[in-house]
Amino acid sequence: MKSKPQRMCSVCRQHKDKNQMIRVVKTANGEIVIASKHTEGRGAYVCLDDNCINKFEKSKCLNRAFKCEVKQEIYEKLKEELAIAKSANK
């Protein structure tokens, strides 16, 4: 039986299944996006959890991970993705 891919949350440092996380990517041209399945570039993962996403924003983890200033709209998109994921799981 194949094991499910595991990734580590940039905030809480827990390993979880890849499908239980959101990936944020800095592409080769420097654009920062919420990743779809096969977006190329440097990525950072965060849990589908309110606390982790709020800490992600407060601690500016993405600024350190990508070594650049990340716009507030990326954090807003993360919160939207969380809301969508929560509604899908109900």
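What the table below lists for this structure:
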read-out: Simple spin-label estimate for E31 and K71 in nanometres, 7 Å along Cα-Cβ; value: 1.1 nm
read-out: The chain: most fluctuating residue of K18, K71, K26 per GNM, C-alpha cutoff 10 Å; value: K71
read-out: Sequence-separation-based contact order of the chain, relative, with Cα cut under 8 Å and 6+ spacing, percent; value: 24 percent
read-out: Loop sites in segment 14-90: GluC sites (Glu not before Pro), DSSP, at most 14 other Cβ within 10 Å; value: E31, E40, E69
read-out: Under-5 Å amide H pairs with Q14, H placed in peptide plane, nonlocal only; value: C9
read-out: Percentage, to the nearest whole number, of Cα pairs in the chain over 23 Å apart; value: 18 percent
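The numbers here are math on the coordinates, done by the rules we state, and not lab data. Keep in mind the model is a prediction, meaning the values are calculated, not measured. No Cβ is skipped: glycine too gets one built from the backbone with ideal geometry, and neighbour counts run over all protein chains shown.
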